[in-house]
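Below is one structure, written out as structure tokens, with a few remarks after it.
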Amino acid sequence: MPSFRVELGANSHSVHVGSSMLEKIGELSRKAGLAAGPCAIITDENVARLYLEPAREALLQAGFKPLVIEIAAGEASKSLPTLHQIYDRLIEGGLNRRSSIFALGGGVVGDLAGFAAATFLRGVPLVQVPTTVVGQVDSALGGKTGVNYREVKNLLGAFYQPRLVIADVSLLASLPEREFREGLAEVIKYGAIMDEPMLSKIEDQMPSILGRNESVLEALVDRSLRHKASVVERDEREGNLRAILNFGHTVGHALEAATNFSHFLHGEAVAIGMVAAAGISARFAGLSAQEERRLHKLITKAGLPTELPAVVKTEEFTRALGLDKKRAGNGVEFILLSRLGAAVTSKLGFEEIMAQLG
Ligand SMILES: NC(=O)c1ccc[n+]([C@@H]2O[C@H](COP(=O)([O-])OP(=O)(O)OC[C@H]3O[C@@H](n4cnc5c(N)ncnc54)[C@H](O)[C@@H]3O)[C@@H](O)[C@H]2O)c1
Ligand SMILES: [Zn+2]
């Protein structure tokens, strides 16, 4: 069972990655110094059906008294009304400042429960128990929490570090295929921006990854989280360095926004965005044509889309990209690759970007 620490001064915490970890969440939490007694498990209906009982049992065994707060599955739950319901339940359940909140679910539960933990009684201990690939390789670590407001994603939120992250790769067995593959986009992203040997490994192991071999997933989640941790350790509150994690996301976000967040899953849009950014990198940042093809091929192998849809020709897309073609000199910060495994930032203008995308 790999485990490591994220070094963030007073906010430092442990990360555990492994299989069959759910049964250990109580014990690991007690070892991390969390108080037994009242606590809350925040989860969504799908995850509750599959994993609530073993999670509850593990906490009871370790002396916790869990209150269960179940929310509807889906992005719409990352909202103030759901947060209000959570606060009400926490108050009615008699939780105190030493009571922990366990976020058992994907990124939606993680962000929402994380924000509840950050704000309830000015902050109670938070344990992230991510159940999706996105959650396990990305959202559970780094301390970004929040809700959507007025149609804007993550408009309200806080940086709030968990006291513990427990990623159980066994839980990924039940994830629908599309959500599983979507998460691989973020995994490939870490290789592309900071770890070329990781890309070779993913290339070799793709059949086992897609077959959800637990020991292969364990190594992959562990390596991804260590990369995220190393970036967050150097830049906890998103100064410059943390921006490299947005590789593929500039175009990806614009694609999501221009299609009303209903056509692509986030990771699918990021996959297309990474291919586009690799093309731009070959033109402006020194990535070789061969490396560009290699990344493209790997993303295809993961079953992710790579083709820019017709929506890139629309005003919605360029607006979402933050570009205004009527304003000269108006550019966008792009994360590019100087080679596979090394990212650079570069400011590009409308003409340069659209020549590549359009
Ligand atoms: N805080 C961060 O740094 C960060 C990073 C990336 C994404 N996010 C946020 O994460 C959210 C997306 O997270 P997500 O992709 O995990 O989506 P999600 O939480 O909506 O989960 C996807 C679906 O899978 C289901 N599910 C979860 N685990 C399952 C399992 N083990 N088996 C079967 N079904 C399961 C859920 O019920 C849901 O229907 C977005 O709101 C995004 O903004 C945050
Ligand atoms: Zn992302």
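With θ taken as phi - 60° and the Karplus curve 6.51 cos²θ - 1.76 cosθ + 1.60 applied, the whole-hertz 3J(HN,Hα) list for region 177-191 is 3, 5, 5, 5, 5, 3, x, 5, 4, 5, 5, 4, 4, 4, x Hz, x standing for glycine and proline.
Considering only the Cα atoms of region 10-100, their convex hull presents on average a projected area of 6.7 nm². Comparing A229, A35, A277 in a Gaussian network model of the chain, where Cα atoms under 10 Å apart are tied by springs, the biggest mean-square fluctuation is seen for A35.
The label-point distance for S12 and A35, in a model that sets each label 7 Å from Cα toward Cβ, rounds to 2.4 nm. Here r is the Cβ-Cβ distance between N213 and K65 and R0 is 51 Å; the resulting FRET efficiency, rounded to 0.05, is 0.90.
Taking Cα centre as origin and charging only the Cβ of basic (Lys, Arg, +1) and acidic (Asp, Glu, -1) residues, the dipole magnitude of region 180-328 rounds to 420 debye. Close Lys pairs in region 1-153, defined as Cα atoms under 29 Å apart and 8 or more places apart or on different chains, number 10.
When +1 charges are put on Lys and Arg Cβ atoms and -1 charges on Asp and Glu Cβ atoms, the dipole computed for region 1-98 relative to its Cα centre reaches about 400 debye.
Within the accessible surface of region 68-151, defined with a 1.4 Å probe on protein heavy atoms only, the carbon and sulfur portion equals 49 percent.
Compute the normalised compactness of region 89-166: alpha-carbon radius of gyration over 2.2 N^0.38 Å, N being the residue count.
Ratio of Rg to 2.2 N^0.38 Å for region 89-166: 1.03.
Each Lys and Arg contributes +1 and each Asp and Glu -1, all at the Cβ; summed about the Cα centre of the chain, the dipole is approximately 680 debye. With the convex hull constructed from alpha-carbon coordinates only, region 279-358 shows a mean projected area of 5.5 nm² over all directions.
Averaging the Cα positions of each part gives two centres, and for region 201-241 and region 118-143 these lie 17 Å apart.
Dividing the alpha-carbon radius of gyration of region 171-257 by the rule-of-thumb value 2.2 N^0.38 Å gives 1.15. Plainly put, the chain has a radius of gyration that is 0.98 times its Kirkwood radius, both from alpha-carbon atoms, as the Rg/Rh ratio. Going by alpha carbons, how many degrees (0 to 90, nearest 10) lie between the helix axis of 107-119 and the longest principal axis of the chain? Tilt relative to the chain: about 60 degrees. Where does the Debye-calculated log10 I(q)/I(0) of region 139-295 sit at q = 0.12, 0.21 Å⁻¹, using only Cα point scatterers of equal weight, no solvent? Normalising to I(0) and taking log10 leaves -0.58, -1.67. Rolling a 1.4 angstrom probe over the protein heavy atoms with all chains in place gives region 123-262 an accessible area of 37 Å² per residue. Over the C-alpha trace of region 241-297, radius of gyration and Dmax come out as 11.9, 35 angstrom. Legend: translational diffusion of region 221-358 by Stokes-Einstein, Rh = Kirkwood radius over C-alpha pairs, 37 °C, 0.692 mPa s; D = 212 µm²/s. Estimated translational diffusion coefficient (Stokes-Einstein, Kirkwood radius over Cα pairs, 10 °C, 1.306 mPa s) of region 110-214: 105 µm² per second.
At an R0 of 25 angstrom, the distance between the Cβ atoms of S200 and L241 translates into a FRET efficiency of 0.50. Over the C-alpha trace of region 204-248, radius of gyration and Dmax come out as 13.6, 38 angstrom.
The values are calculated or read from the model by the stated rules, or taken from the named source; none is laboratory data. Keep in mind that what you see is a predicted model, and the values were worked out from it rather than measured. Positions of Cβ are backbone-derived with ideal geometry, glycine not excepted, and every protein chain shown enters the neighbour counts. Note: areas computed on protein heavy atoms with side chains; ligands, DNA, RNA excluded. Shrake-Rupley method; radii C 1.70, N 1.55, O 1.52, S 1.80 Å.
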